[in-house]
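A quick write-up on the structure given underneath.
The values are calculated or read from the model by the stated rules, or taken from the named source; none is laboratory data. Quick caveat, the model's predicted, so the values are computed rather than measured. Neighbour counts are summed over all protein chains in view; Cβ atoms, including those assigned to glycine, are modelled from backbone coordinates with ideal geometry. SASA here: full protein model, heavy atoms, side chains in, ligands and nucleic acids out. Shrake-Rupley method; radii C 1.70, N 1.55, O 1.52, S 1.80 Å.
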Amino acid sequence: MQNDFWQKMWASGVVGFHQPEVNAYLKAHWHKLLTTDHKAMAGEVLVPLSGKSLDMLWLKEQGHDILAVELSLKALEEFIEENHLHRRFSIQDLVHERFCGYELEAMRLFCGDFFHLTREDCQDVVAVYDRAALVALPPEMRADYAKHLLEILPPDTPMLLIALDYDQSLRNGPPFAVSEQEIHTLYGEHYQIEKVQEDKFERKGVETVESTYLLNFREN
Ligand SMILES: C[S@@+](CC[C@H](N)C(=O)[O-])C[C@H]1O[C@@H](n2cnc3c(N)ncnc32)[C@H](O)[C@@H]1O
């Protein structure tokens, strides 16, 4: 049912979450994630529930390879078309047993369910960028999402996470409200969590807080 919801949204062409510019929090804070991780990182960034986010192009410009996972093939095709990637890169169909999608220079665009991603798929991942992925999922799926992510990531993989919080009784998701407390519940056992920015604004008549977190693995 979740999957149908997203497929219908992409088919309708109305994707209000898509940002026409690169995310400002990403640009402001990504470099902190890299330096706090104490290692040179130009490797692959996992972008779960990627949509057609322009943030992937920005990350690529920073020298990263990209592993995107997105349910909608239309989203990935729009990503390629709207950014004229055909003109710049040779694009191949992805050959994979569980995903369709595309491969182009330094980018793997997986079309399918995030929960089908395996440790093998993620073996080169050095960081995760979650903007509007965790908050896209209803409460009953979020623990499974975080658990799966932790299972498939290589050890010590840091993450930049952008989440929204608001009074869930006033509006339905998505995006769902995800509190700082919940982020600690989902990830606190494994990660040191630092909130690096918090902005308050009114969204559709509801007071909303958007927070950016850096998650680094705990050193034991
Ligand atoms: C709120 S959007 C965010 C997209 C992107 N991160 C951005 O910032 O624009 C959530 C996206 O997740 C995709 N999605 C939802 N559930 C998914 C799943 N289980 N596996 C892969 N993609 C999923 C949806 O199709 C949608 O494009």
Yes or no: segment 30-47 includes at least one residue that is within 18 Å of Leu117 (Cα to Cα), at pLDDT 95 or above and within 9 Å of the ligand (Cβ to nearest atom). yes
Matching residues in segment 110-133 - criterion: being more than 10 Å from the ligand (Cβ to nearest atom) and either part of a strand (DSSP E or B) or touching a residue at least 40 places away in the same chain (Cβ under 8 Å) (or both): Asp121, Cys122, Asp124, Val125, Val126, Ala127, Val128
Among the residues of segment 169-185, which ones are under 17 Å from Ala143 (Cβ atoms), within 16 Å of the ligand (Cβ to nearest atom) and open to solvent by 20 Å² or more (accessible area, probe 1.4 Å)? Gly173, Pro174, Phe176
For residues that are hydroxyl-bearing (Ser, Thr, Tyr) and more than 15 Å from the chain's Cα centre (by Cα), scanning just segment 95-141, find the one that is nearest to Tyr213 (Cα to Cα). Thr118
